Amino acid sequence: MKGTAGPPPGRPPRPGAAPLADRLVAAAYTVGWAVVRYVPERLAAWFFRVLADRLWRRRGKSVLRLETNLARVVGGDPGDPGVRDLSRAGMRSYFRYWMESFRFTAYTRERILDGTRATGGEHIFDNLARGRGVVIALPHMGNYDLAGAWLVHMGHRFTTVAERLKPESLFERFVAYREQLGMEVLPLTARDGGSAMAFGTLAKRLREGKPVCLPAERDLTASGVEVEFFGARTRMVAGPAVLAIQTGAALLPAVLWFDGDGWGIRIHEEIPVPTEGTREEKVSVTTQALAAVFEKGIAEHPEDWHMLQRLWLDDLEPRAGAGS
């Protein structure tokens, strides 16, 4: 189960970082949560745009990777001026996510509901009203934490999964933050690195007729499902499809974006599970259908897709004659 609600791709903390680096990163996040919420929103937004622009101009690895990914989306070259402009908007969008995360306690229920423009919500609410669980699968777009808060304020607490970050104090802070939003957060792994049995709990919640939300467009491990995505092969999370097949829950793709000062959400119609074939074949077909919906949503709002990591398989594999 790899669909996790950790920080967006491109986050600083990562497994294997030096203990001192881990502590410095944790301290930076702690300061962000402690200070940014008290800053006037316009000033905070300006400050985070300045940070985004400075990082964009430095053209570090994260920015170059974002440009490579966006070039696939728009069908251009990473060096094209249009792609460069799009990557700048993408970095501003990414930093807006963090500004809003640090300021979350300043957002009232009314601000979140009034600022969210959602379409297709009936696909969630009608299923839940019938006692049928829903798996909401989404790419790393917009502000999925605020989208989660919208769902909670609409009367539906949900369950998600978070990867275990280092140091443990940072992971606990992220869990506390999302629990404050109204989510139930399950760790992807146990403290010792072993399985935390998150899948079983997610399946139980779905059979109880509750919602589960999982980011789903990236899983480059061997357990990921290989799909065609913007004309090239990648691996996506199997979890949403497996949960829908195993529990009978509705699999609903969602796309998020920033809409002016607010947030846009589109909940797509249910992806039907094939009635024939092996389980592996059903998972493959269902995940490919999910990828097709994500393609459309990302193409419509590419600046709000926060993919600052490698995604496609041919970006990972060495070229012929390049060695191991």
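With the contact rule set at Cα under 8 Å and sequence spacing of 6 or more, what percent relative contact order holds for region 57-151?
In percent, rounded to a whole number, it is 22.
What is the local net charge at F102, summed over the other residues whose Cβ is closer than 13 Å to its Cβ (Lys, Arg +1; Asp, Glu -1)?
+1
Which sequence of R72, R42, R130 reflects their accessible areas, 1.4 Å probe, from the largest down?
R42, R130, R72
Students often forget the sequence filter, so: which aspartates and glutamates lie under 16 Å Cα-Cα from K210 once same-chain residues fewer than 8 apart are removed?
Within the straight-line limit of under 16 Å, K210 reaches these aspartates and glutamates: E122, D126, E184, E270.
What does the accessible area of V285 come to, in Å² to the nearest 10, when a probe of 1.4 Å is used?
90 Å²
Accessible area per residue for region 245-324 in Å², computed with a 1.4 Å probe and the full protein assembly in place, what is it?
Per-residue accessible area for region 245-324 comes out at 49 Å².
Please report, as a whole percent, how much of the solvent-accessible surface of region 66-167 comes from carbon and sulfur atoms (probe radius 1.4 Å).
51 percent
Rounded to the nearest percent, how much of the accessible area of region 202-324 (1.4 Å probe, protein heavy atoms only) is carbon and sulfur?
47 percent
Got a number for the accessible area of T275? Probe 1.4 Å, square angstrom, nearest 10.
130 Å²
Could you rank K210, K61 by how accessible they are, 1.4 Å probe, largest area first?
Greatest to least solvent exposure: K61, K210.
The values are calculated or read from the model by the stated rules, or taken from the named source; none is laboratory data. Computed from a predicted model, the values in this text were never measured in an experiment. Heads up, the Cβs are rebuilt from the backbone with ideal geometry, glycines too, and the neighbour counts pull from every protein chain shown. Remember, those area values only see protein heavy atoms, side chains included, never the ligands or the DNA or RNA. Shrake-Rupley method; radii C 1.70, N 1.55, O 1.52, S 1.80 Å.
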